[in-house]
Structures are given as C-alpha cells and as structure tokens.
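Undergrad: What follows is a structure written as structure tokens; I'll ask about it next.
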Amino acid sequence: MHLNSKLLFEKYAQPYFKNCENVLEIGPDDYPSSTYKKIINNNKIKWETLDIINNDKLTYKSSDNYHFPIKKNKFDIVLSGQVIEHVPKIWTWIKEVTRVCKIGGYVITIAPVSWTYHEAPVDCWRVYPEGMMALYEEAGLEMKFCKTESLEDTGKRRIIPGVSNSYIDKDSNLKRNLKDIIGWPTTFAFDTIAIGAKLP
C-alpha cells in the first residue's frame, strides 16, 4: 500500500469505524491483517476479507469480481483500497459491494488517480469525485464524502502528480534530498477517497 492511501484512510475513513462491529475488506494488501486493519487496531471488530486470488488466509474467495459468496446486508463497512482500478465493469462491481453492506452501513473506496498503468491482472480506471458520485448513486449509496487529494509531503517546491515518491525512492533518502536541493520536480500520489451510506 502506498503512503497516500494510508494517509487518506487515517484522516477521512478512520472515524467511521468507531461503532462498527464487522468489516469486509476487498483485496487486502496483507493476509490476514491488512494495513487498514492495523490502523483501526480494534480486536472487537470482526474483520473479514475477500479477493479473487487463491489464498487460504482469506475469509472469502470469489471466482469473479461481480458475485461474492456472501449474504446481503451483512457488513457495517465494506472497504476497498487500490481495487476499483482493476475491475473492468465497475458499475456492476459497486452494486455487488453495496449488496453485502447493511442498510445504513458504509462503502469506502480509495482509488489511485495519478499512478501509472499497473496490471493486477488488468488496470482499467482512474476515477475522480464526479465519477465516484455517479457510481455510488447508481448503486444506491448516499455520498457522505468524496475527494481527490494528496496528503504526502507538500513542502516541496515543485510537485507533480504521479507515483508516490515514498514508493519510488523508499531506499534512497540521499536521492530525494538532492532532488529537493536542485528543485527537481517530485511526484506524489493523488487518490480519490469516497465514503457512501447504503440507502434503504
């Protein structure tokens, strides 16, 4: 998981987990304890996972993106980070995500906007707030919050959207410092975070 996704989750999504009893995380970055689960750090929350890959540590395995082996209205929160860009038919996927969320529960998505093409196994979309609003509305979700933003270090003189600088230069502080001194443009990740409540 890249830095900006983590920072957006901490700033905007974390408060929604306060009275939460159960979560479904789609496409977790680690099994069985993802970065998001570690941030929430609440053992009282039942945290379940789903992906289309074959991993015995997942709670659920799905053979495709559009049919989850889960009953409807089950979870207080359905969360996905860095998943939606890898789903070809996102208008169908978001309806299935909403189906397993409880009425009054929340769907939270974090999706890259500035990252370069990265197959896993496909890479299809970059979605801005207006696009997320349309998807959420189509799925019967009331948008509570939606924003495209970078929370990575903004003290740099020349910032350009791109891959997270911490991801590219994670082993080279000297290289990063030299770029700052000469005023070399630094790339930072921009992502869209969307939080919607399931309507009756």
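Only the coordinates and a few stated rules stand behind these numbers; no lab work does. Treat the numbers as computed from the prediction; the structure is a model and nothing was measured. All Cβ positions, even for glycine, are placed from backbone atoms using ideal geometry, and neighbour counts span all protein chains on display.
Undergrad: Which three extents, in angstrom, do the Cα atoms of the stretch 84-153 have along their principal axes, listed largest first?
TA: That gives 35, 30, 17 Å along the principal axes, largest extent first.
Undergrad: Something else: To the nearest µm²/s, what D does Stokes-Einstein give for the stretch 29-71 at 10 °C and 1.306 mPa s, using the Kirkwood radius over alpha carbon pairs as Rh?
TA: Details: Rh = 11.4 Å.
Diffusion coefficient, whole number: 140 µm²/s.
Undergrad: Taking Rg and Dmax of the Cα atoms in Å as the quantity of interest, determine which of (1) 19.5, 60; (2) 17.2, 56; (3) 15.8, 48 was computed from the displayed structure.
TA: Recomputing Rg and Dmax of the Cα atoms in Å here picks out (2).
Undergrad: Given a 10 angstrom Cα cut-off, can you work out which residue in Y60, Y36, Y117 is the most mobile in a GNM of the chain?
TA: Of the options given, Y117 has the highest mean-square fluctuation.
Undergrad: May I ask you to evaluate 6.51 cos²θ - 1.76 cosθ + 1.60, the Karplus curve with θ = phi - 60°, for each residue of the stretch 106-117 and list the ³J(HN,Hα) values in order in whole Hz, giving x for glycine and proline?
TA: Going residue by residue, I get 10, 10, 10, 10, 10, 9, x, 10, 9, 5, 6, 4 Hz, with x marking Gly and Pro.
Undergrad: Same structure again: Along the principal axes of its C-alpha atoms, what lengths does the stretch 48-115 span, in descending order and rounded to whole Å?
TA: In descending order, the Cα extents are 33, 30, 19 Å.
Undergrad: A further question follows. Averaging sequence separations of C-alpha pairs under 8 Å and six or more residues apart, then dividing by the length of the chain, give the relative contact order as a whole percent. If you can, show how the numbers build up before the last one.
TA: Working: 401 pairs, mean separation 46.0, N = 200.
23 percent.
Undergrad: While we're here: Report the calculated FRET efficiency for N42 and L199 (r = Cβ-Cβ distance, R0 = 25 Å), to the nearest 0.05. Write down the numbers at each step before the final one.
TA: Working: r = 26 Å, r/R0 = 1.06.
With a Förster radius of 25 Å, E is 0.40.
Undergrad: Using r as the Cβ-Cβ distance of N54 and E138, and R0 as 22 Å, what FRET efficiency do you calculate, to the nearest 0.05? Intermediate values should be presented prior to the final figure.
TA: Working: r = 31 Å, r/R0 = 1.39.
Between N54 and E138 the formula returns 0.10.
Undergrad: Under a point-charge model restricted to the Cβ atoms of Lys and Arg (+1) and Asp and Glu (-1), what is the dipole moment magnitude of the chain relative to its Cα centre, in debye to the nearest 20?
TA: Working: 27 positive and 25 negative charges, 92 e Å.
Value, rounded to 20: 440 debye.
Undergrad: Quickly work out the E130-to-T92 label distance, labels modelled 7 Å from Cα along the C-beta direction, and quote it in nm with one decimal.
TA: About 2.7 nm, to one decimal.
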